[in-house]
Amino acid sequence: MTTPKLMLLAASLLLGASVAGAADAPPAQGQRPQLIAHRGGTGDAPENTFAAIDLARKNGAEAIWVTVQLAKDGVPVLYRPSDLSALTPASGPVSAHTAAELAQVDAGWAFGKGEAHPWRGKGVGIPTLAATLARYPDLFFYIDLKSPDAEPAALAGALAAVLHESNSLTRTRVYSTDSRYLAALPPEVARFASRDLTRTVLANITMAHQCTLPATPAAERWYGLELKRKVEVVEKYTLGEARSASTLVWDKEAMACFRRQGAAHIILFGVNTPEEYQQAQALGADGILVDSPATLAPRS
């Protein structure tokens, strides 16, 4: 991931209500967060594949995070990078191939270290979202929309059709770093708040201790962001600008802010060590996104 730049004017940091006195407490301290396998468990098996999801379930994952793009024939499939060459022996964007062609691509090609590639030639293909939901009817899925060259309306429409046809509206929730995809979704599709909103609110808390959540009529709100996120702060002057590195960090103050308007669900990304797990648990996070369920799944 690239480090985002936060264009923070002094005035914007001074707006908003104080965090102190937030009415809604987080979940009881020590409550175990939902364990979510990132890209199906990208640290343990080829990401966004049945092989990864099967292993994640065996290793204690309670929900699965998958990345979805749109194939050439308009079918939502599970794949993350912008080019097939990043993880497979094929090349080109996902949108240049049909879903049937992608199913034959070796999605286990790149997994491994050095010369060891245990999933090569094992028949691990790129699955469709429909096939994934059908194969795991008892699992909850978080769906991350990444399609770099798909029109938002086309991707949102295709996704909604799959969720309706598979009766999966109540066991899925959609996320995207591109707010256009979220905005294009029909109202019945559950989704996260935009990443831009979440990051901006957290930045105001971290840097100015101000809670600037916008008013919203939603009964429930879902937020997702890294437990710790490196950013570049750009301060504007009349005659130029200055840049400095910073880190946005979730703490008790941030959790209180995001929960102040009522029911709020907070999923923390990038939780990959026992220390980070303990920190997320102490904060009362509702869920944690982990690369390796085999490493972090509770055994008791």
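Here are a few things to note about the model shown:
- Pairwise label distance in nanometres, ARG180 with GLN278, each label 7 Å out on the Cα-Cβ vector: 4.5
- Sequence-ordered 3J(HN,Hα) estimates for segment 168-184 from the Karplus curve with 6.51, -1.76 and 1.60 and θ = phi - 60° stand at 10, 4, 8, 10, 9, 8, 9, 10, 7, 6, 9, 5, 5, 5, 5, 5, 7 Hz, glycine and proline given as x.
- Distant-in-sequence amide H partners of PHE269 (H built 1.01 Å from N, under 5 Å): LEU225, GLU226, LEU227, LEU289
- Computed from the Cβ-Cβ distance with R0 of 30 Å, the FRET efficiency linking ASP149 to HIS117 stands at 0.55.
- Among beta bridges from DSSP that stay inside the chain, the antiparallel ones total about 35%.
- Considering only segment 116-257, percent of DSSP beta bridges that pair antiparallel, nearest 5: 65
- Global form of segment 218-300, assessed from the alpha-carbon gyration tensor, a/c cut-off 1.5: oblate
- The overall shape of segment 190-254, judged from the alpha-carbon gyration tensor, is prolate: a/c is not under 1.5, and a/b is greater than b/c.
- The chain - mean residue ellipticity at 222 nm from DSSP helices (-39,500 (n - 2.57) per run, n ≥ 4, rounded to 500): -7000 deg cm²/dmol
- Amide proton proximity set for ARG191, modelled H, under 5 Å, gap of 5+: VAL174
- Our estimate of slack between LYS58 and GLU188, defined as 0.36 nm per intervening residue step minus the Cα-Cα distance, is 43.7 nm.
- The fraction of accessible area contributed by carbon and sulfur in segment 254-300 is 50 percent, rounded to a whole number (1.4 Å probe; ligands and nucleic acids excluded).
- Carbon and sulfur %, accessible surface of segment 39-107 computed with the full protein complex present, 1.4 Å: 49
- Rolling a 1.4 angstrom probe over the protein heavy atoms with all chains in place gives the chain an accessible area of 45 Å² per residue.
- Neighbour net charge for LEU248 - beta-carbon separation under 9 angstrom, K R +1, D E -1: +3
- For segment 55-67, 3J(HN,Hα) per residue [Karplus equation, 6.51 cos²θ - 1.76 cosθ + 1.60, θ = phi - 60°, Hz, x = Gly/Pro]: 5, 4, 4, 4, 8, x, 5, 9, 7, 10, 9, 10, 10
- Degrees between helix 195-208 axis and first principal axis of the chain (Cα, 0 to 90, nearest 10): 30
- When only Cα pairs below 8 angstrom with a gap of at least 6 residues are kept, segment 108-173 shows a relative contact order of 30 percent.
- Cα centroid separation - segment 153-171 against segment 97-118, whole Å: 26
- With a cut-off of 11 Å between beta carbons, the residues surrounding TYR142 carry a summed charge of +3, where Lys and Arg count +1 and Asp and Glu -1.
- Using a Förster distance of 30 Å, the FRET efficiency for SER82-VAL249 (Cβ separation, nearest 0.05): 0.55
- Cα shape, segment 151-193, gyration tensor, a/c 1.5 rule: oblate
- Using every pair of distinct Cα positions in the chain, the Kirkwood expression returns a hydrodynamic radius of 20.3 angstrom.
The values are calculated or read from the model by the stated rules, or taken from the named source; none is laboratory data. Here the structure is a predicted model, which means the values were calculated and not measured. Cβ coordinates were reconstructed from backbone atoms using ideal geometry, including for glycine residues, and neighbour counts include every protein chain displayed. These area figures cover heavy atoms from the full protein model, side chains too; ligands, DNA and RNA do not enter into them. Shrake-Rupley method; radii C 1.70, N 1.55, O 1.52, S 1.80 Å.
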